[in-house]
1. Given Gly62, Gly82, Gly58, which one is within 12 Å of Val93 (Cα to Cα) and either surrounded by fewer than 18 Cβ atoms within 10 Å (Cβ to Cβ) or among the small types (Gly, Ala, Ser) (or both)?
2. If you check Asn72 against the conditions, is it of a type outside the set (Phe, Trp, Tyr) and under 15 Å from Lys39 (Cα atoms)?
3. Looking at (1) surrounded by fewer than 16 Cβ atoms within 10 Å (Cβ to Cβ); (2) assigned to a loop (DSSP other than H, G, I, E, B), which is the one condition that is false for Met44?
4. Would you confirm whether or not region 4-22 contains a residue that is assigned to a helix (DSSP H, G or I), at pLDDT 90 or above, surrounded by 14 or more Cβ atoms within 10 Å (Cβ to Cβ) and of a type outside the set (Asp, Glu)?
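The values are calculated or read from the model by the stated rules, or taken from the named source; none is laboratory data. Computed from a predicted structure; not experimentally measured. For neighbour counting, all protein chains shown are included, and Cβ atoms are generated from backbone atoms with ideal geometry for every residue, glycine included.
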Amino acid sequence: MKKSIVIVATLVAALAFSSSVFAKKEQAIKFDMKELTCKELLEMEADDMGVILMWLDGYLSGVTSDTKFDSNQFGTFSGSLGEHCAVNQGDKVVDASHKIGLQ
């Protein structure tokens, strides 16, 4: 439980500074999202993790044709994904997101 709280707090901090992240980033991050594992996600820097979580939210919104953004729902999703990934580090992030975000 403590790790998921840390992950959510890290996410909030990353999102708060996301505009400065894009301005300061010297090298772009590139991932094949279908291959990204939970372990790799958990080992990312906070700003990169925030970008990936926002991408996942947008991806799932596209899958479901949901055009609304709810920060509370996003926080719940991010926390649930963090908890899942902490226990299932070998899982692919996109697969885990489908299990969690499309319930």
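1. Numbers: Gly62 fails: within 12 Å of Val93 (Cα to Cα); Gly58 fails: within 12 Å of Val93 (Cα to Cα).
Checking each option against the conditions leaves just Gly82.
2. Numbers: of a type outside the set (Phe, Trp, Tyr): yes; under 15 Å from Lys39 (Cα atoms): no.
No; evaluated as a whole, the condition is false for this residue.
3. Looking at each condition in turn, Met44 falls short on (1).
4. Keep residues of region 4-22 that are assigned to a helix (DSSP H, G or I), which gives 4-16, 18-22.
Those left that are additionally at pLDDT 90 or above: none.
Among the residues of region 4-22, not one is assigned to a helix (DSSP H, G or I), at pLDDT 90 or above, surrounded by 14 or more Cβ atoms within 10 Å (Cβ to Cβ) and of a type outside the set (Asp, Glu), which makes the answer no.
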